[in-house]
Amino acid sequence: MIIQKKTIQKLRELINEETEYRSGPQLVDFFNDLGFNDVYGQGFPSRWLYTENNLVKINGTPELDKCLRSVFSPLNFIGRFNELDSHIAIFNEYLSFDNWIVIRNGKEITFQKIDDAYFNKNSSHEVHDKEIKEDQFLNRVFSEVDLDKLELEYSITEILKLRIEEIENCLASNSPLSVIFLCGSTLEGILLGVATKFPKEFNTANSTPKNDEGKPRQFQEWNLNSFINVAYENNILREDVKKFSHTLRDFRNYIHPYQQLYSGFNPDIHTARISLQVLRAAINQIMNYKK
């Protein structure tokens, strides 16, 4: 199986962040299981560069198939098969352009070769359905955002209020990239505050990120993707926020111009509106959870 650059980049995100957070040493272990002989140490490249370079090396080899089976192994998603199927469905949107799809049959992961007829039959419906759902999500109206009801520390609440004001100003001035940065960092700050109030729930979830010793990472070491997954698992956030949060999860990466160039990420005002709606929906759902 040979996959193109966009598919490789999506697979990199699945390995590094989305299926689980993998640290540098964990990424080395992951690829060493695929036949590499790497050592983690001083001078180790960035996690995304290391993963992507290694995926390029195994592209078109049997190790790529083994890699996909490892990433989507049902054994790693016990009690979370719906999440696994969601990851597979999204990845297949990319992989279908390479004329392949991933299929889960119970506990087995297999691959199916497809042709253009299969792609044309399924892609138009999926895109139309996605547009309808996005439109429904954007048209939802939430009660006025009241950060005081989150009952976080007074000082952080005041900072978050200023950020909300700035987000709305950036949206009005057609500055989508700024909206995404601010929405992502604001949501991460809110979820960090919620995690501090509910440490047991956040430290004992199946999707809680672990350190090399298998213990929960300190909350300050979590990324936004981890906060969202754990909050979703604890029913603090619902499926709509989890689904549409993809534009926010990697917001830190896009602060670096070269990473934005490399990924081809060019947000528009529609993307910014979704980001703000994700933030509003999340605040609303957290308030309802605390009630």
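The values are calculated or read from the model by the stated rules, or taken from the named source; none is laboratory data. Note that the structure is predicted; figures quoted are calculated from it, not measured. Neighbour counts are summed over all protein chains in view; Cβ atoms, including those assigned to glycine, are modelled from backbone coordinates with ideal geometry.
Numbers at a glance
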read-out: Candidates 40, 21 - the one that is more than 21 Å from residue 77 (Cα to Cα) and in a loop (DSSP other than H, G, I, E, B); value: 40
read-out: Residue check, residue 203 surrounded by fewer than 18 Cβ atoms within 10 Å (Cβ to Cβ), at pLDDT below 90 and more than 21 Å from residue 147 (Cβ to Cβ); value: no
read-out: Top-ranked residue in the range 87-115 [being in contact (Cβ under 8 Å) with a residue 60 or more places away in the chain and not aliphatic (A, V, I, L, M); ranked as nearest to residue 208 (Cα to Cα)]; value: 87
read-out: Hey, residue 274 at negative phi, part of a helix (DSSP H, G or I), surrounded by 18 or more Cβ atoms within 10 Å (Cβ to Cβ) and modelled with pLDDT under 90 or not; value: yes
read-out: Failed item, numbered, when residue 150 is tested on (1) within 17 Å of residue 280 (Cα to Cα); (2) out of contact with any Gly (no Cβ under 8 Å at 6 or more places or on another chain); (3) at pLDDT below 90; value: (2)
read-out: Given (1) modelled with pLDDT under 90; (2) touching a helix residue (DSSP H, G or I) at 6+ places or on another chain (Cβ under 9 Å); (3) not small (Gly, Ala, Ser), number of the condition residue 257 does not satisfy; value: (2)
read-out: Subset of the range 164-177 [part of a helix (DSSP H, G or I) and either over 13 Å from residue 248 (Cβ atoms) or outside the structural domain of residue 268 (by the TED database) (or both)]; value: 164, 165, 166, 168, 169, 170, 171, 172
read-out: Breaking point among (1) in a loop (DSSP other than H, G, I, E, B); (2) in contact with a helix residue (DSSP H, G or I) (Cβ under 8 Å, 6 or more places away or on another chain), for residue 196; value: (1)
read-out: Condition broken by residue 60, with the remaining ones in (1) over 22 Å from residue 16 (Cα atoms); (2) loosely packed, with under 13 Cβ neighbours inside 10 Å; (3) at pLDDT 90 or above satisfied; value: (1)
read-out: Boolean, residue 32 is over 22 Å from the mean Cα position of the chain (by Cα) and not charged (D, E, K, R); value: yes
read-out: Among the candidates 184, 189, residue that is under 23 Å from the mean Cα position of the chain (by Cα), under 18 Å from residue 229 (Cβ atoms) and either aliphatic (A, V, I, L, M) or surrounded by fewer than 20 Cβ atoms within 10 Å (Cβ to Cβ) (or both); value: 189
read-out: Boolean, residue 217 is of a type in the set (Lys, Arg), modelled with pLDDT of 80 or more and surrounded by 15 or more Cβ atoms within 10 Å (Cβ to Cβ); value: yes
